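These notes concern the structure reproduced below.
Nothing in this text is a laboratory measurement; each read-out follows from the coordinates by a stated rule. These figures come from a predicted structure and were not determined experimentally. Reconstructed Cβ throughout: ideal geometry from the backbone, glycine too, with neighbour counts over all protein chains shown.
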Amino acid sequence: MLAFVCFACTDEMEADGNSKERSVKLQLQLSLPMDASARTTRMTSCFEAGSKYENYINFDDVHSYRIYFFDTNNNYIARFIPSKTVMAEATEYTLYSVEGEVPEDVLQRASNNTINTMDFKIVVLANWENYEEPEAESKLETICNAYWAQFEIKSFKLGEENLIPFYGVNEYEDVPVQYGGTITLEESIPLLRAMAKVEVVLNKEDELNTEEMSFSHVTLHGYNSKGYCAPMNGAYPQNGHILHLIGDQNEEGSINKTIPFLQTQSDNKKETWIAYVPEYDNTSKGANAAYIELRFDIQTETDEKDFVIHFADDQTDIEKTSFDITRNHLYRFNVTIDPKGNLAVEVNDWEKVFNNEFYF
């Protein structure tokens with residue numbers, strides 16, 4: 001992966017000059033959201049950007065994030081501490097521009113001495129519940145798989161004290177170095193959300209007189225209460241969305257756990273319920289597949305069954321069409337009642353929209 005660079009200073013500097021002349025500044029960008037690999041080929045070009053707190057990092061608090069340099073063999077070199085950060089919201093991305101001085105250890109250990117260039121990786125951790133500073137030569141996978149690199153569901157209502165953990169990594173090769181200058185890395189570091197977002201949307205159709213209809217409850221059956229903040233061994237997207245589960249499996253008794261969705265919108269056109277959850281294995285042999293249970297407020301009889309939505313492309317063939325609940329994905333179930341009284345569901349994904357329609 002080749003980095004595009006430019007320098008703020010073009011005068012030649014001697015490596016044995018004063019500290020100002022020996023310093024090298026770095027400018028880089030962090031981007032949200034990033035592309036997610038598709039679980040199906042049936043997609044459109046629609047794009048889903050996260051809402052405010054789904055994209056939020058508090059760079060005013062140095063305890064809320066870490067930026068590290070690693071060598072290209074995934075060995076830890078040093079921490080990067082920004083002196084300036086700026087957030088900008090583009091059409092499809094939230095961008096964080098970060099600037100600071102390159103640590104001396106990086107200049108020494110990442111340097112290609114004969115050609116005045118550097119090879120390195122930059123790793124970003126943000127909104128993690130805990131951080132432990134790496135020891136010298138620590139491996140990247142040691143950090144990403146550590147016990148303290150786990151998080152636990154607090155609430156589906158995001159805010160300053162309840163944010164989604166992020167992880168990002170990018171490798172840069174043959175980056176020119178000039179003492180006294182500034183390196184600008186044009187290729188941004190995409191940040192990966194540690195959670196999946198599950199969204200159930202009731203679309204109300206006027207001609208069917210459903211404006212007054214509403215869900216009385218929406219409940220997730222089967223979920224993991226804890227997860228890892230980073231993907232397996234810190235490899236992304238090279239790992240192809242391999243699940244990173246604590247203990248390499250769903251929590252014991254996870255299928256018996258239930259949690260209510262949070263209602264975020266309700267009017268005579270649309271009703272939205274959401275949940276943020278860690279990854280969940282829906283597809284392994286013997287795994288207990290999660291499902292969503294919903295009930296309408298007009299269902300007043302106790303013997304009326306709740307409606308069930310499975311994490312599958314075909315509700316009539318769940319075993320063959322189930323899909324895992326994967327980090328950084330949004331699973332949107334658009335629910336409508338068709339003229340025949342059937343309940344129709346369309347499944348979407350966070351960054352690419354999937355038009356998988358089925359009836360049950």
About the Cα centre, charge dipole magnitude for the range 19-193 (Lys/Arg +1, Asp/Glu -1 at Cβ), debye: 260
Summed residue charge, Cβ within 13 Å of N112's Cβ, Lys/Arg positive, Asp/Glu negative: -3
Relative contact order (percent, whole number), the range 19-193, Cα cutoff 8 Å, 6+ residue spacing: 35
Overall dimensions of the range 219-274 by Cα: Rg and Dmax, Å: 15.8, 46
Student exercise, the range 100-220 dipole from Lys, Arg, Asp, Glu Cβ charges, in Debye to nearest 20: 200
Cβ-based net charge around Q150, under 11 Å, with every Lys or Arg adding one and every Asp or Glu removing one: -1
